[in-house]
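K.L.:
Below are the structure tokens for one structure; questions will follow.
The values are calculated or read from the model by the stated rules, or taken from the named source; none is laboratory data. All values reported here derive from a predicted model rather than from experimental measurement. Please note: Cβ atoms are built from the backbone with ideal geometry, for glycine as well, and neighbour counts cover all protein chains shown.
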Amino acid sequence: MEFGYRIKKEWLLDDEVTFLNHGSFGATPIKVIEAKEEIERRLEREPLSFFEGEYPYLLKDAITKLANFTGAKPGDIVLVENATTGINTVLHSLEKELKPGDEIITPNHVYQGVRNTIKYFAERTGAKAIEIDIPFPVVDNKLIIEKITVKINDRTKILIVDHVSSPTALVFPIKELIDLCRSKGIITIIDGAHAPGMTDLNLDELGADFYTGNCHKWMFAPKGCAFLWVSEKWQNKINPLTISLFYGKSYQEEFAWTGTKNPSPWLGLSSAIGFYNLLNFVKVREYNHKLVCDATELICSELKIPVHTNNEMLGFMSSISLPVRLEPNEHITIDLRNHFMKEYKIELAFHNNNGNLLFRISSQVYNEIEDYKKLVIAMKDFKEKNKK
């Protein structure tokens, strides 16, 4: 398939909107939606036969394909609804491992939902939630490793770190951080919400204790499809958030059935991986990475904004400082998103990163550089109208 505007017909995206925010929720291709809907029809035609007959085999097929895609053993992976559920699942199961005074550390580039989860479990256990200040802009992975290393001490129990940061879009040096923590006996939990489909994952080689990732963002799966990878040594200590019929059985059996729900987002994963493979992972990665790097250079040059990182630390997203000074408030990121949709028909993500307002662009195979030229025009207009 030829990338760019010609392939956009494979999605239901509004032609009137310049869609530069694949990163927030993804966009599911029409063929994958149709496969998901066909699964739902089969379920509703004969629910008992589906759940007791087809479902276990379809689930196994989806997990096997996912394991091949992510460089994992099928037995180490279970499916969950989203990466936030994955993080909550792990911390809930590890609650008994935490004692008062233990430290859960994470960089301050953390996703807000995970920040709240860490705070919640720290309050429940008496552990301390420690955020490590990593400046942004940052152009060197060594700085990230150094900042985290100096915060590690005898009380450090868990490191939770993004593979790809949501607010700043940086690809973190997780292999080096995992190796560092393993040498010091620290548990590693990787929030890979944005990584599957963006980075060349090999979960077995990474060697984390826990890794959770979304499939609905960059893997094209239906919404409500994510995974949790657990290293073998921890699998007998991890349970789903909802305990049901298979409590006390195997790790995968417990997660496969947590009560009646619509499994079509999980089972639609096989179609999503098939669609991705049709596009070719290497070609997708080359196209999207080059496009986001070219777009970042274009935007920063035209708006006279410093580039915040180097190309090696970008995947398919890039976060750039807003070209006008605004006073942050609780609703400003939502207000900015709504404003750019209403005034310019451009879909963007906005983040308040420790007081620094950023807009985040995404690149996907249906985008072209012309999309970002439209954004430059809109940003110049916005800047002119908000001069102080």
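K.L.:
Please pick out the residue among Ala272, Ala256, Ala295 that is closer than 16 Å to Ser363 by Cβ and crowded, with 17+ Cβ neighbours inside 10 Å. Walk me through it before giving the result.
P.N.:
Working: Ala272 fails: closer than 16 Å to Ser363 by Cβ; Ala256 fails: closer than 16 Å to Ser363 by Cβ.
Only one candidate qualifies: Ala295.
K.L.:
Condition (residue is touching a residue at least 12 places away in the same chain (Cβ under 8 Å), among the acidic types (Asp, Glu) and either in contact with a strand residue (DSSP E or B) (Cβ under 6 Å, 6 or more places away or on another chain) or in a strand (DSSP E or B) (or both)) applied to segment 95-117: is it met by at least one residue?
P.N.:
Yes.
K.L.:
Which of the residues spanning segment 325-351 are of a type in the set (A, V, I, L, M, F, W, C), under 17 Å from Ile361 (Cβ atoms) and not in a helix (DSSP H, G or I)?
P.N.:
Listed by number, the residues that qualify are Ile346, Leu348, Ala349, Phe350.
K.L.:
So Phe121 passes all but one of these: (1) without any contact (Cβ under 8 Å) to a residue 60 or more places away in the chain; (2) within 26 Å of Cys293 (Cα to Cα). Which condition number does it fail?
P.N.:
Of (1) without any contact (Cβ under 8 Å) to a residue 60 or more places away in the chain; (2) within 26 Å of Cys293 (Cα to Cα), only one is false for Phe121: (2).
K.L.:
Being of a type in the set (Lys, Arg) and assigned to a loop (DSSP other than H, G, I, E, B) is the requirement here; does Lys380 meet it?
P.N.:
Working: of a type in the set (Lys, Arg): yes; assigned to a loop (DSSP other than H, G, I, E, B): no.
Against the criterion (of a type in the set (Lys, Arg) and assigned to a loop (DSSP other than H, G, I, E, B)), Lys380 does not qualify.
K.L.:
Of the residues that sit in segment 118-151 and are small (Gly, Ala, Ser) and assigned to a loop (DSSP other than H, G, I, E, B), which one is farthest from Asn356 (Cα to Cα)?
P.N.:
Gly126
K.L.:
Report, by residue number, each residue of segment 152-190 that is out of contact with any Phe, Trp or Tyr (no Cβ under 8 Å at 6 or more places or on another chain) and assigned to a loop (DSSP other than H, G, I, E, B).
P.N.:
Within segment 152-190, Ile152, Asn153, Asp154, Arg155, Ala169, Phe172, Pro173, Lys184, Gly185, Ile186 meet the criteria.
K.L.:
If you scan segment 28-86, which residues turn out to be part of a helix (DSSP H, G or I), under 30 Å from Glu205 (Cα atoms) and of a type in the set (Asp, Glu)?
P.N.:
Within segment 28-86, Asp61, Asp76 qualify.
K.L.:
Ok, one more. When both residues are 6+ apart or on different chains and their Cβ atoms are under 6 Å apart, which pairs have a first residue that lies in segment 232-256 and is of a type in the set (Gly, Ala, Ser), and a second that is in a loop (DSSP other than H, G, I, E, B) and surrounded by fewer than 16 Cβ atoms within 10 Å (Cβ to Cβ)?
P.N.:
From segment 232-256, the pairs are Ser244/Gly259.
K.L.:
Out of segment 313-368, which residues are over 17 Å from Asn386 (Cβ atoms), polar (S, T, N, Q) and in contact with a Ser or Thr (Cβ under 7 Å, 6 or more places away or on another chain)?
P.N.:
Ser318, Ser319, Asn353
K.L.:
Checking Lys342 against (1) within 23 Å of Thr70 (Cα to Cα); (2) modelled with pLDDT of 95 or more, which single condition isn't satisfied?
P.N.:
(1)
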